[in-house]
Amino acid sequence: MGKSLYIAEKPSVAQEFAKALHINTQRKDGYLESAEAIVTWCVGHLVTMSYPEEYDPALKRWSLETLPFIPQEFKYEVIPAVSKQFRIVSGLLNRTDVDTIYVCTDSGREGEYIYRLVEQQAGVKGKNRRRVWIDSQTEEEILRGIKEAKDLKEYDNLAASAYLRAKEDYLMGINFSRLLTLKYGNSISNYLNTKYSVVSVGRVMTCVLGMVVRREREIREFVETPFYRVLSTIGEKGATFEGEWRAVKGSKWFESFDLYKENGFKEKEKAEELIRFLSNSESDASQPLTCQIVSIEKKKEKKNPPLLFNLAEIQNECSKRFKISPDETLRIIQELYEKKLVTYPRTDARVLSTAVSKEITKNIKGLQNIPGVRAYAEEIIANKSYQGLAKTRYVNDKQITDHYAIIPTGQGFGAMKSLKPLSVKVYEVITRRFLAIFYPPAVYQKVALTSAIEGEKFFSNFKVLADPGYLKVMDYSFFKKKLEEKPEEDADSGLCDTELLERISAMKKGTQLPVKSLYIKEGETSPPKRYNSGSIILAMENAGQLIEDEELRAQIKGSGIGTSATRAEILKKLVANKYLALNKKTQIITPTLLGEMIYDVVNASIRPLLNPDLTASWEKGLTYVAEGSITTEEYMVKLENFIKRRT
């Protein structure tokens, strides 16, 4: 019986496989070997697509006459910097005593592509090839992946989509970058007073640039519009509250052209007119101004624990909390993954699989080893809160493509001491989000009170946290000083103290209350917000729409721009190309002058590249190829026609 060869994506992962297999290996140059097995590794990509000059030396010179460049057969070559490791891996793959190859590269499209290129370039034939697909690097998960490894042929469609993604980026990048550089490069460099300018274009990169430039121009062109609200201070000493006037049905100003919206006027004079009308309404001017309660509604509002993190959501969270880039967040979570602390990072899912939910107690019990969250993990186990998890919104097999959400494994705690403080904080964010799903919703007691002066209605809202539910789990250790601050989303939600709410709740319809004052509050319309490094990732995930509401994001999630594995890298490239500027302190993203010029060039010549819906549809097409819904040939015809029509 021949040997089994395990090939991982990087040396550190190969070491974990060797440990999990419990084999007595000897360290060789570029691999580990025992009597029954060999473990080797790539170092990321070992093989890449060849440049046009490899097809024809004349293509090294950029010329409009040689466009479009669409080879009948694509050429590939070993990357010079890693040629030694390729020779080692190639030799091992073709060894006569190796009969089974276990493909252990990253469980995703890019990991599949890394191995397939190596196998293709090495000319591997006649071997039994098995695909190891895992969600974490714990020993039991690695052993499960090896035991349940499927024939590599079952992943042929995924490999086909990986090849197509690379061909698409290659063809669009080479053809459109050469075309636009030849046409506009000199004009751009003359304007910027630089030696030369290459117009770098990419299927996803250019679309993201377009999103940022459009947003910046919306902000520049925005004209602030003042509006004037009328507010009342109602009640007696120790129990005063604010009411906001609105021109609802029955109001003298209902649907008036003087209104900016139903709660404000376009002109201050009109707001003053309303105050005069209300102040003079009492028949006896010596009597203090009063209002009457016309309705009082009490209700409870539940706020469910949020869905679990996928990569885009944790990148957005870390951008807001720690002001770090998506690239840095991915690096940290990759480190946590490789140290067995969390599950696979490059996931789009925000839920768990049914299979994982049945064994979730392992993850929870493991967290009893972490002082900061021990009490919550113990409480969940003691109360058996994990029972019935499979029937909740946090488990949905249909919403999972390759991997489930990012959660703590409940293992790997020996590596905690080696983590930097920021990595520990990111781990805590993931852990608390996970534990929160086992707690009940937070419950708010709400009161909506409507008062009237001369038929004009004033509206007041009050809200108190009656039961913190899952919110008690979200008491981050690194935010101790900020616990008293209101959460951002609750800034205007009427949060008040319990005593005031009780007094308001005791009031009855028809009660007369003194009005201490009527006053005008001036406001201004706000321009759209600039993207930050987190919100741009969310906007990419939702095909260009930045949806602030987390629940709504989960509902409309469809095809995104790029993938969870590539979005951070795309943003990094745009900054490196000096098309976008990223403020490291605030993580705010703005276009540079060069970036805006590139946008204008593309907008004038190949406008579809700026369309998020089109870019998302290309990504959806790759998904269809991976699912086997459309063929490689169908996709390539569409791609080639798109390029030919525009070059």
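Residue-wise test of (1) of a type in the set (Val, Ile, Thr); (2) closer than 21 Å to Arg95 by Cα; (3) touching a Ser or Thr at 6+ places or on another chain (Cβ under 9 Å); (4) in a helix (DSSP H, G or I).
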| residue | (1), (2), (3), (4) |
| --- | --- |
| Tyr115 | no, yes, yes, yes |
| Gln120 | no, yes, no, yes |
| Gln137 | no, no, yes, no |
| Ala160 | no, no, yes, yes |
| Arg165 | no, no, yes, yes |
| Asn175 | no, no, yes, yes |
| Arg178 | no, no, yes, yes |
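Cβ separations smaller than 9 Å between residues 6+ apart or across chains give the following pairs from segment 246-270 residues that are touching a residue at least 24 places away in the same chain (Cβ under 8 Å) to residues that are surrounded by fewer than 13 Cβ atoms within 10 Å (Cβ to Cβ) and outside any loop (DSSP other than H, G, I, E, B): Arg246/Lys261; Lys268/Glu522. Looking at segment 554-565, can you tell me whether even one residue there is modelled with pLDDT under 95, within 16 Å of Val201 (Cα to Cα) and not hydroxyl-bearing (Ser, Thr, Tyr)? Yes; the residues of segment 554-565 include at least one that is modelled with pLDDT under 95, within 16 Å of Val201 (Cα to Cα) and not hydroxyl-bearing (Ser, Thr, Tyr).
Residues being of a type in the set (S, T, N, Q) and within 42 Å of the chain's Cα centre (by Cα) are represented in segment 260-277 by at least one member. Among the residues of segment 408-462, those identified as of a type in the set (Phe, Trp, Tyr), closer than 30 Å to Lys391 by Cβ and outside any helix (DSSP H, G or I) are Phe438, Tyr439, Tyr444. Of everything in segment 392-430 that is of a type in the set (D, E, K, R) and at pLDDT below 95, the residue that is farthest from Val356 (Cα to Cα) is Lys417. Evaluating Tyr113 against the criteria (1) out of contact with any His (no Cβ under 9 Å at 6 or more places or on another chain); (2) buried (at least 21 other Cβ atoms within 10 Å of the Cβ); (3) hydroxyl-bearing (Ser, Thr, Tyr) leaves one unmet condition, (1).
Annotation note: of Val124, Val103, the sole residue that is surrounded by 19 or more Cβ atoms within 10 Å (Cβ to Cβ) and either over 28 Å from the mean Cα position of the chain (by Cα) or assigned to a strand (DSSP E or B) (or both) is Val103.
Of all the criteria given as (1) touching a residue at least 12 places away in the same chain (Cβ under 8 Å); (2) surrounded by fewer than 20 Cβ atoms within 10 Å (Cβ to Cβ), the one not satisfied by Lys28 is (1). Just one residue in the set Glu502, Glu551 is under 24 Å from the mean Cα position of the chain (by Cα), modelled with pLDDT under 95 and acidic (Asp, Glu); that residue is Glu551. Do you know which residues across segment 23-44 are at pLDDT below 95 and within 15 Å of Ile142 (Cα to Cα)? Correct list: Ile23 only.
State which residue is surrounded by the most Cβ atoms within 10 Å (Cβ to Cβ) when the search covers only segment 309-329 and only residues that are among the β-branched types (Val, Ile, Thr) and part of a helix (DSSP H, G or I). Ranking the candidates gives Ile314 first.
Scanning segment 567-614 for residues that are of a type in the set (Phe, Trp, Tyr) and not in a loop (DSSP other than H, G, I, E, B) yields a total of 1. Give me the residue from segment 165-187 that is hydrophobic (A, V, I, L, M, F, W, C) and surrounded by 21 or more Cβ atoms within 10 Å (Cβ to Cβ) and, out of that set, nearest to the chain's Cα centre (by Cα). That would be Met172. Ile332 passes every criterion in (1) modelled with pLDDT of 95 or more; (2) open to solvent by less than 40 Å² (accessible area, probe 1.4 Å); (3) out of contact with any Phe, Trp or Tyr (no Cβ under 9 Å at 6 or more places or on another chain) apart from (3).
When segment 361-385 is filtered for residues that are closer than 22 Å to Pro306 by Cβ, out of contact with any helix residue (DSSP H, G or I) (no Cβ under 6 Å at 6 or more places or on another chain) and either open to solvent by 40 Å² or more (accessible area, probe 1.4 Å) or not in a helix (DSSP H, G or I) (or both), the ones remaining, listed by number, are Ile370, Ala375, Glu379, Asn383, Ser385. Among the candidates Val13, Val43, the residue that is of a type in the set (Val, Ile, Thr) and buried (at least 20 other Cβ atoms within 10 Å of the Cβ) is uniquely Val13. Restricting attention to segment 50-67, does a residue exist that is within 34 Å of the chain's Cα centre (by Cα), open to solvent by 30 Å² or more (accessible area, probe 1.4 Å) and at pLDDT 95 or above? Checking segment 50-67: at least one residue is within 34 Å of the chain's Cα centre (by Cα), open to solvent by 30 Å² or more (accessible area, probe 1.4 Å) and at pLDDT 95 or above. Annotation note: of Ala626, Ala565, Ala576, the sole residue that is without any contact (Cβ under 8 Å) to a residue 40 or more places away in the chain, open to solvent by 10 Å² or more (accessible area, probe 1.4 Å) and either among the hydrophobic types (A, V, I, L, M, F, W, C) or under 24 Å from Tyr191 (Cβ atoms) (or both) is Ala576.
Taken together, the residues in segment 629-645 that are of a type outside the set (Asp, Glu), open to solvent by less than 60 Å² (accessible area, probe 1.4 Å) and in a helix (DSSP H, G or I) amount to 6.
Restricting segment 188-200 to residues that are more than 17 Å from Leu64 (Cα to Cα) and either among the hydrophobic types (A, V, I, L, M, F, W, C) or touching a helix residue (DSSP H, G or I) at 6+ places or on another chain (Cβ under 9 Å) (or both) leaves a set whose member that is surrounded by the most Cβ atoms within 10 Å (Cβ to Cβ) is Ile188. Residues of segment 600-613 that are open to solvent by less than 60 Å² (accessible area, probe 1.4 Å) and more than 20 Å from the chain's Cα centre (by Cα): Val601, Val602, Asn603, Ser605, Ile606, Pro608, Leu609, Leu610.
The values are calculated or read from the model by the stated rules, or taken from the named source; none is laboratory data. None of the values given here were measured: they were computed from a predicted structure. When we count neighbours, we look across all protein chains shown, and the Cβ atoms used for this are built from the backbone with ideal geometry, even at glycine. All accessible areas refer to the heavy atoms of the entire protein, side chains included, with ligands and DNA or RNA removed. Shrake-Rupley method; radii C 1.70, N 1.55, O 1.52, S 1.80 Å.
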